[in-house]
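Shown next, in structure tokens, is the structure this report addresses.
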Amino acid sequence: MCNIEVQFEPFGALTRTQDSVWNYFEKSSERKKDSSGTQQHYIATCNYCKTTLSGQPKRMKDHLSKHCSNVPLEIKEQYSNLKKINKEE
Ligand SMILES: [Zn+2]
């Protein structure tokens, strides 16, 4: 099956493009809903350690940079560096 859901979008800043961190996670097909029926984040399953977490890019990056035990070093560093740059602001 050819699913072209994830397409590169050059003007992604203003559109709801999927964060590239999703390359390292499996996305649940359905969103969780809270008691009032509001849609929550997708569930993200780490490709490296199969940990599941709420599909918030910030949390996912945090997982890769700090908590994941199986992530390749270059990916880990990629997100560790992002964090440093943000802190300098
Ligand atoms: Zn992980």
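Could you count how many residues in segment 32-50 are loosely packed, with under 10 Cβ neighbours inside 10 Å and among the polar types (S, T, N, Q)?
Number satisfying all stated conditions: 3.
List pairs: first in segment 49-64 and polar (S, T, N, Q), second assigned to a loop (DSSP other than H, G, I, E, B), Cβ under 6 Å, 6+ apart or cross-chain?
S54/H41; Q56/H41
The numbers here are math on the coordinates, done by the rules we state, and not lab data. Because the structure is a prediction, the values reported are computed rather than measured. Here the Cβ is made from the backbone with ideal geometry for all residues, glycine too, and neighbour counts use every protein chain on show.
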